[in-house]
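Undergrad: Questions regarding the structure given below will be posed in turn.
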Amino acid sequence: MPRPAGILDNALAAVGNTPLIRLSKIAEQEGLKCNLLGKLEYTSAGGSVKDRIAKAMVEAAEREGKLIPGKSVVIEPTSGNTGIGLAMACAIKGYSVIITMPNKMSLEKEATLRALGAEVVRTPTEAAWDSPESHIGVAKKLEKQIPYGIILDQYRNENNPLAHELTTGPEIIADVTATPSTPERPSSGQVDVVVAGAGTGGTVTGIARAIKKTHNKSATIVACDPQGSILALPAELNKTPTNVPYIVEGIGYDFVPDVLSREPGLIDTWVKTSDEESFAMVKRLMRSEGLLVGGSSGSALAGAVKWLKGTEEGCRWAEKEGANVVVLLPDGIRNYMSKPWFLEMTMSPEPTPLAQKIASVLGTPAKTNGHANGTVQETVEETGASVRPPVNGVKKVVEGVKEEGMGEGMQ
């Protein structure tokens, strides 16, 4: 559904209406004959798919009289993106915001939240979801003791999946059906498969309802869950092969949120993904498709490829020319540029043939990140490429990712 031409009233009008993009190079690399399509959510005003639910929850609360202008304090436990969406909405509408967020989540998310005027409270990553010390437990305590405090509660709020049923799903349908089939680019004319990661589960639930109820009841819905999370079905899939908590942010949980539908036949299958394959796919999306996505986007595409090539049903779709396989890419790299996995990927690769050529021309040693044989740590120390002074109680990036636990742990 294209956005009408004209001047928008505010940033909330620029939420959603994100593009659906062919991932043709990766499809070719993987030998896939289907149309591999990415729904690019980082082009939304706040930078992620969560803008949609933040807008929907705030506007619904206003209609229901739950938010009082000049008094209400919106409080939300989040892995970051929902908080950013809420902080953006509340900055526009004039509500105060408190975000509770595990230490695991990136420094960039906290900085973005504070830039939008939110107060941020960090909580122990290792705290169980129902612990008083968890981001959920702390949010509940604040709601009880702060006048006019209100948790909109993305984990139980029906407007979470509804936002995707009314916007994300219909946008996907509209883009696919509006694209004609040609000899060069055949199309079935419908959405055949959707692959999405699950955090609260609202995204995959809402999209699945839109696709199956209004468009193609035979579509296959694939949900991706990181190793270390317990959302996947059957439960046997959740026996993680390692006791190391996962690093990918924004997907997976240690409890099943109410908004994640267990309705039979809605979500057809689950795929487990690892950090390693997720981050490797992020690099491929950047280098092959030019898309600056975040870690959970890598998880979704890695899960899609694993399902398309590793299962009987997936292989049938992979071999079908014109089949439309849509992968939801939730956010961009903005939130993760200080994370060790990203810095190692970008700043410490092996020298490329081009780097070797540069070294030959200049008569200098081949360089990886601009410094001969330099590690990320050494480069930061030499160039000062870090956040030096304490910012809002968070140490500089190089120390922070280790001392504050922002590069580790499980949500």
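Undergrad: Considering only residues that are part of a loop (DSSP other than H, G, I, E, B) and either in contact (Cβ under 8 Å) with a residue 40 or more places away in the chain or hydroxyl-bearing (S, T, Y) (or both), look in region 125-135 and name the one that is nearest to M105 (Cα to Cα).
TA: Looking at the filtered set, the residue picked out is T125.
Undergrad: Please verify whether V138 is farther than 16 Å from D331 by Cβ, out of contact with any Leu (no Cβ under 7 Å at 6 or more places or on another chain) and not in a loop (DSSP other than H, G, I, E, B), treating the condition exactly as stated.
TA: yes
Undergrad: Among G322, G332, which is farther than 30 Å from T182 by Cβ, modelled with pLDDT of 90 or more and touching a strand residue (DSSP E or B) at 6+ places or on another chain (Cβ under 8 Å)?
TA: G332
Undergrad: With the checklist (1) among the small types (G, A, S); (2) surrounded by 16 or more Cβ atoms within 10 Å (Cβ to Cβ); (3) within 21 Å of I53 (Cβ to Cβ) in hand, flag the one item A174 doesn't pass.
TA: All conditions are met except number (2).
Undergrad: Condition first: in a helix (DSSP H, G or I), farther than 21 Å from G202 by Cβ and touching a strand residue (DSSP E or B) at 6+ places or on another chain (Cβ under 8 Å). Now tell me which residues in region 108-124 satisfy that.
TA: Of everything in region 108-124, those that are in a helix (DSSP H, G or I), farther than 21 Å from G202 by Cβ and touching a strand residue (DSSP E or B) at 6+ places or on another chain (Cβ under 8 Å) turn out to be E110, A111, R114.
Undergrad: Checking the condition under 24 Å from T43 (Cα atoms) and touching a Phe, Trp or Tyr at 6+ places or on another chain (Cβ under 8 Å), which residue from V195, V191 passes?
TA: Result: V195 is the single residue among V195, V191 that is under 24 Å from T43 (Cα atoms) and touching a Phe, Trp or Tyr at 6+ places or on another chain (Cβ under 8 Å).
Undergrad: Follow-up question, since we're still on this one. Is it the case that E313 is in the same structural domain as K283 (by the TED database), open to solvent by 90 Å² or more (accessible area, probe 1.4 Å) and modelled with pLDDT of 95 or more?
TA: It is false that E313 is in the same structural domain as K283 (by the TED database), open to solvent by 90 Å² or more (accessible area, probe 1.4 Å) and modelled with pLDDT of 95 or more.
Undergrad: Next up: For region 228-270, give me the residue count where each residue is open to solvent by 50 Å² or more (accessible area, probe 1.4 Å) and not in a loop (DSSP other than H, G, I, E, B).
TA: Residues meeting the conditions: 3.
Undergrad: Please list, ordered by first then second residue, the pairs with beta carbon atoms under 9 Å, 6 or more apart or interchain, first in region 49-62 and outside the structural domain of G201 (by the TED database) and of a type in the set (V, I, T), second assigned to a helix (DSSP H, G or I) and surrounded by fewer than 18 Cβ atoms within 10 Å (Cβ to Cβ).
TA: V58/K93
Undergrad: In addition: Here is a list: G199, G169. Which entry is assigned to a loop (DSSP other than H, G, I, E, B), open to solvent by less than 60 Å² (accessible area, probe 1.4 Å), closer than 26 Å to L20 by Cα and touching a residue at least 24 places away in the same chain (Cβ under 8 Å)?
TA: Exactly one residue qualifies, and that residue is G199.
Undergrad: Can you tell me how many residues in region 202-222 are touching a strand residue (DSSP E or B) at 6+ places or on another chain (Cβ under 7 Å), farther than 14 Å from W270 by Cβ, of a type outside the set (S, T, Y) and part of a helix (DSSP H, G or I)?
TA: Of the residues in that region, 2 qualify.
Undergrad: In addition: Out of S338, S297, I need the residue that is under 18 Å from the mean Cα position of the chain (by Cα), at pLDDT 95 or above and either acidic (D, E) or within 30 Å of R52 (Cα to Cα) (or both). Which one?
TA: Exactly one residue qualifies, and that residue is S297.
Undergrad: Moving to a separate point now. Considering I211, I247, which residue is touching a residue at least 24 places away in the same chain (Cβ under 8 Å) and out of contact with any Phe, Trp or Tyr (no Cβ under 7 Å at 6 or more places or on another chain)?
TA: Matching residue, one of I211, I247: I211.
Undergrad: So how many residues does region 1-53 have that are open to solvent by less than 10 Å² (accessible area, probe 1.4 Å) and among the acidic types (D, E)?
TA: 2
Undergrad: Hey, another quick one. Answer with yes or no whether G137 is open to solvent by less than 20 Å² (accessible area, probe 1.4 Å) and in contact with a strand residue (DSSP E or B) (Cβ under 6 Å, 6 or more places away or on another chain).
TA: Taking the combined requirement at face value, the residue does not satisfy it.
Undergrad: What are the residues in region 63-100 that are open to solvent by 10 Å² or more (accessible area, probe 1.4 Å), touching a residue at least 40 places away in the same chain (Cβ under 8 Å) and under 13 Å from L116 (Cβ atoms), if any?
TA: N81, M88, I92, I98
Undergrad: Filter region 272-291 down to the residues that are of a type in the set (K, R) and over 16 Å from A196 (Cα atoms) and list them by number.
TA: Listed by number, the residues that qualify are K283, R284, R287.
The values are calculated or read from the model by the stated rules, or taken from the named source; none is laboratory data. Computed from a predicted structure; not experimentally measured. All Cβ positions, glycine included, derive from the backbone under ideal geometry; neighbour counts span all protein chains shown. Heads up: the accessible areas ignore ligands, DNA and RNA and are worked out on the full protein's heavy atoms, side chains in. Shrake-Rupley method; radii C 1.70, N 1.55, O 1.52, S 1.80 Å.
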